[in-house]
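Shown next, in C-alpha cells, is the structure this report addresses.
Nothing in this text is a laboratory measurement; each read-out follows from the coordinates by a stated rule. Keep in mind the model is a prediction, meaning the values are calculated, not measured. Heads up, the Cβs are rebuilt from the backbone with ideal geometry, glycines too, and the neighbour counts pull from every protein chain shown.
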Amino acid sequence: MANFLADKSPGNTNHHAVLAGFLGWTLDAFDFFVVIFLFDTLAHQFGVTKKEIVLTTTATLAMRPLGALLFGILADRYGRRVPLMANVIYFSVIELLCGFAPNYTVFLILRALFGIGMGGEWGVGASLAMEAAPKKLRGILSGILQSGYSIGYLLAALAYRFVLPAWGWRSMFWLGAVPALLALYIRTKVPESEAWKQNRAASTSQVLRAVLGQWKRFLYLVILMTFMMFLSHGTQDLFPDFLHEVHKIAPKVVANVAIFYNVGAVVGAIIFGFASQALGRRKGMMAALALSLVTIPFWAFGHGVYALACAAFVMQMGVQGAWGVIPVHLNEMSADVARGLMPGLAYQLGILIASPTNSIQYVLRDHVGYQWAMAGFEIVTIVALAVLLLCGTEQHGKDFTHT
C-alpha cells in the first residue's frame with residue numbers, strides 16, 4: 001500500500017484519486033459536524049430552543065439523497081472529476097454563507113442546501129477512489145477513505161476547542177471556504193476513472209434502468225445503509241451533548257474527549273477495512289459490530305471522564321470499523337454503468353430514512369433518560385444490522401475494468 005500511495009510516476013496517478021476522495025469526505029464531514037458542537041451557542045444566538053437547532057441537522061441529512069441523485073447521475077454520464085469539483089465548490093460556498101446567517105430561518109435553509117452538497121460528495125468520491133484502488137488494497141483503502149468522516153469530526157472538535165473561543169462561532173463556518181481549494185487539486189492532479197471510461201453510460205435513462213434492473217439489491221442496500229446511519233449518527237451526533245448534560249463535563253473537556261474517540265474511529269476504520277480483505281466484507285463488518293455491542297454498557301453507563309473517553313474510543317473503533325468496509329462493499333455490489341449513482345443514492349436514502357435519529361433519541365431521553373435512550377437505540381440497531389448482514393450477500397473482489 002505504501003508503494004501505491006507513494007508512486008508518483010506519470011503512469012501511476014491513481015493515488016491522487018484516492019487522496020481526493022479522502023480529502024473531500026474529510027472536509028465535508030468537518031462542515032457537518034461544526035453544528036454538533038454549537039447546539040447551545042446557536043440556540044442562544046438565534047433565540048430558539050436547542051431542539052430547533054438539532055432540527056437543522058435533520059434538514060441536512062434529509063436533503064442528502066437529492067445531492068446523491070444529481071451528482072451521481074452527472075458522474076455516470078460525464079465522468080467523476082468535474083462533478084466532484086463542482087460539488088466541493090458548492091458545499092464550500094454554502095458553508096461559508098452559514099457564517100453570515102442573520103437568523104434561524106436563513107440558517108435552517110442554508111443547512112438544508114448544504115445537505116445537497118454533502119449528499120453528492122460521498123458517492124462520487126467513493127466511486128472515483130474505489131475504481132482507482134488496486135483490488136488487493138481495496139479493503140484498507142476503503143477504511144482510509146471512510147476514516148475521513150471521523151477526521152472531519154476531529155477537526156470540528158479542534159475548531160470548537162481553539163477557534164470558537166478566539167474568533168467566535170461564525171468563524172467556524174467561514175473555515176468551510178477552505179475545501180474549495182480541493183477543486184484545484186482535482187483539476188490538476190486527479191485522473192479520470194478508467195472504469196468509468198470503459199462502462200460509460202450512453203444516456204441518463206441507461207443509468208436509471210441499471211439501478212431499476214437491480215432493484216432488489218438496491219433496496220437491500222438502502223435498508224442496510226439506514227441501519228448503518230442509525231449506528232453512526234446515533235453514537236456520534238448527540239454524544240457531546242450527552243457528556244455535558246448527564247455527566248456535567250465542561251465544554252473544553254468534551255472537545256478533548258471527541259478528539260480522542262475520533263482517533264479510535266480512524267484506527268477502527270483502517271483495521272476492519274483491512275480485515276475485510278481477508279474475512280470478506282460482511283464478516284469484517286460483523287466483527288466490528290460485535291466490538292461496539294460489548295462496549296455499550298461502559299459507553300452509556302460508565303462514570304468518570306477517563307472511563308467514558310476510553311469507552312467512546314472503543315465504541316467508535318467498532319462503529320467506524322463497520323463503516324470502513326462500506327465504500328468498497330457498496331461499490332462492489334453496484335452495477336458498472338451506475339457506480340457513480342447507485343452506492344451514493346443507497347447511502348443517502350439510508351440517511352433520509354434515518355434523518356430523525358437525533359430527534360428520536362432526544363424524545364427517548366425525555367421518557368427513559370439519556371443513558372437508556374442512547375444504549376437501547378444502539379442495541380436494537382446493532383442486532384438488526386447483524387441480521388441484515390447474515391441474510392445478505394457480497395461481491396468481494398469484483399473486477400471494475402475489463403482487461
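Just to verify a result, which residue in segment 84-106, among those that are among the hydrophobic types (A, V, I, L, M, F, W, C) and over 30 Å from PRO191 (Cα atoms), is surrounded by the fewest Cβ atoms within 10 Å (Cβ to Cβ)?
Ranking the qualifying residues of segment 84-106, first place goes to PHE100.
Of (1) in contact with a Lys or Arg (Cβ under 8 Å, 6 or more places away or on another chain); (2) charged (D, E, K, R); (3) closer than 23 Å to THR26 by Cβ, LYS252 satisfies all except one. Which?
Result: LYS252 fails condition (3) only.
Within segment 189-307, which helices (runs of 4 or more DSSP H) (wholly inside it) include 1 or more residues that are of a type in the set (Lys, Arg)?
Working: elements: 194-199, 204-213, 215-236, 239-247, 251-279, 281-301.
Because the criterion is at least 1 residues that are of a type in the set (Lys, Arg), the helices (runs of 4 or more DSSP H) in segment 189-307 that meet it are 194-199, 204-213, 215-236, 251-279, 281-301.
Please go through segment 204-228 and pick out each residue that is of a type in the set (Ser, Thr, Tyr), loosely packed, with under 14 Cβ neighbours inside 10 Å and in contact (Cβ under 8 Å) with a residue 60 or more places away in the chain. Give the steps one after another, and end with the answer.
Step one: filter segment 204-228 for residues of a type in the set (Ser, Thr, Tyr), giving 204-205, 220, 226.
Okay, now just the ones that are also loosely packed, with under 14 Cβ neighbours inside 10 Å, so 204-205.
THR204, the sole residue that qualifies.
Quickly run through segment 363-387 and pick out the residues that are buried (at least 19 other Cβ atoms within 10 Å of the Cβ) and either touching a Lys or Arg at 6+ places or on another chain (Cβ under 7 Å) or over 14 Å from SER232 (Cα atoms) (or both).
Those that are buried (at least 19 other Cβ atoms within 10 Å of the Cβ) and either touching a Lys or Arg at 6+ places or on another chain (Cβ under 7 Å) or over 14 Å from SER232 (Cα atoms) (or both): ARG365, TYR370, ALA373.
Restricting attention to segment 41-77, which residues are free of Cβ contacts under 8 Å to residues at least 24 places away in the same chain, closer than 16 Å to ARG170 by Cβ and not aliphatic (A, V, I, L, M)?
Passing the criteria: only HIS44.
Starting from segment 381-403, take each residue that is of a type in the set (D, E, K, R) and list its partners that are in a loop (DSSP other than H, G, I, E, B) and buried (at least 17 other Cβ atoms within 10 Å of the Cβ), counting only C-beta distances under 8 angstrom and pairs at least six apart or across chains.
GLU394/GLY280; GLU394/MET333
Return the residue satisfying two criteria in turn: it lies in segment 352-378 and is in a loop (DSSP other than H, G, I, E, B) and either in contact (Cβ under 8 Å) with a residue 40 or more places away in the chain or touching a strand residue (DSSP E or B) at 6+ places or on another chain (Cβ under 8 Å) (or both), and of such residues it is farthest from LYS51 (Cα to Cα).
Step one: list which residues in segment 352-378 are in a loop (DSSP other than H, G, I, E, B), which gives 355-356, 369.
Filter again for either in contact (Cβ under 8 Å) with a residue 40 or more places away in the chain or touching a strand residue (DSSP E or B) at 6+ places or on another chain (Cβ under 8 Å) (or both), leaving 355-356.
Numbers: SER355: 14, PRO356: 12 Å.
So, considering only residues that are in a loop (DSSP other than H, G, I, E, B) and either in contact (Cβ under 8 Å) with a residue 40 or more places away in the chain or touching a strand residue (DSSP E or B) at 6+ places or on another chain (Cβ under 8 Å) (or both), the one farthest from LYS51 (Cα to Cα) is SER355.
Looking at this structure, is GLY344 in contact with an Asp or Glu (Cβ under 7 Å, 6 or more places away or on another chain) and in contact (Cβ under 8 Å) with a residue 60 or more places away in the chain? I'd like the intermediate steps shown before the answer.
Details: in contact with an Asp or Glu (Cβ under 7 Å, 6 or more places away or on another chain): no; in contact (Cβ under 8 Å) with a residue 60 or more places away in the chain: yes.
No: the conditions fail for GLY344.
Checking TRP196 against (1) surrounded by fewer than 22 Cβ atoms within 10 Å (Cβ to Cβ); (2) of a type outside the set (Asp, Glu); (3) over 20 Å from the mean Cα position of the chain (by Cα): exactly one of these is not met. Which one?
(1)
Within segment 156-172, can one find any residue that is in a helix (DSSP H, G or I), polar (S, T, N, Q) and over 21 Å from GLU95 (Cβ atoms)? Before you say what the answer is, go through the steps one by one.
Here is the first cut: in segment 156-172, the residues in a helix (DSSP H, G or I) are 156-167, 169-172.
Within this subset, residues satisfying the condition of being polar (S, T, N, Q) are 171.
In the following step, the residues that additionally are over 21 Å from GLU95 (Cβ atoms) were identified as none.
For segment 156-172, residues in a helix (DSSP H, G or I), polar (S, T, N, Q) and over 21 Å from GLU95 (Cβ atoms): absent.
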